[in-house]
Amino acid sequence: MKISVIVPIYNCEKYLVQCVESLIAQTYKNIEIILVNDGSTDNSDEIIREQMKIDSRIQLIDKQNAGVAAARNTGIDAATGDMIVFLDPDDYLTTNACERIYEERINH
């Protein structure tokens with residue numbers, strides 16, 4: 001069961017590395033990481049491209065700024081997972097968060 005993690009991004013270069021690294025480090029590996037760059041004018045795009053070199057599960061979608069809801073909807077359209085998780089770019093997940101989500105899903 002694949003989990004799609006969607007992160008809408010707008011000018012959050014300060015937090016982005018920690019956010020993406022928390023996704024790369026997940027103990028549950030069957031995830032896709034969809035980063036929707038919503039027209040950032042800072043270095044967010046460059047940071048994402050560097051992270052993409054580290055993990056092939058990262059997918060970047062660049063779009064014109066239209067707000068967080070539109071960015072999330074763009075991510076939903078691209079998602080191929082059985083479940084969708086949203087994460088804000090200034091947050092991060094504990095390393096077993098996706099594993100716990102998966103376990104809750106299959107046990108209920």
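The values are calculated or read from the model by the stated rules, or taken from the named source; none is laboratory data. Just so it is clear, the model here is predicted, and its values are computed rather than measured. Heads up, the Cβs are rebuilt from the backbone with ideal geometry, glycines too, and the neighbour counts pull from every protein chain shown. With ligands, DNA and RNA removed, areas are computed over all heavy atoms of the protein, side chains included. Shrake-Rupley method; radii C 1.70, N 1.55, O 1.52, S 1.80 Å.
Taking VAL36 as the residue in question, decide whether it is buried (at least 17 other Cβ atoms within 10 Å of the Cβ) and either under 23 Å from ALA97 (Cβ atoms) or touching a Cys at 6+ places or on another chain (Cβ under 9 Å) (or both). Yes: the conditions hold for VAL36. Would you say GLN59 is open to solvent by less than 20 Å² (accessible area, probe 1.4 Å), of a type outside the set (A, V, I, L, M, F, W, C) and free of Cβ contacts under 8 Å to residues at least 40 places away in the same chain? Answer is no for this residue.
Going through (1) open to solvent by 30 Å² or more (accessible area, probe 1.4 Å); (2) touching a residue at least 24 places away in the same chain (Cβ under 8 Å); (3) over 16 Å from LYS14 (Cα atoms) one by one, MET83 falls short only on (1).
Contact map, the stretch 40-53: residues that are under 17 Å from ILE24 (Cβ atoms) and among the hydrophobic types (A, V, I, L, M, F, W, C) paired with residues that are open to solvent by 70 Å² or more (accessible area, probe 1.4 Å) and assigned to a helix (DSSP H, G or I), Cβ distance under 7 Å, separation 6+ or inter-chain. Pairs shown: ILE47/GLU13.
Of everything in the stretch 86-108 that is of a type in the set (D, E, K, R) and out of contact with any Ser or Thr (no Cβ under 8 Å at 6 or more places or on another chain), the residue that is most open to solvent (accessible area, probe 1.4 Å) is ARG100. Out of VAL20, VAL5, one residue alone is part of a strand (DSSP E or B), surrounded by 14 or more Cβ atoms within 10 Å (Cβ to Cβ) and at pLDDT 95 or above. It is VAL5.
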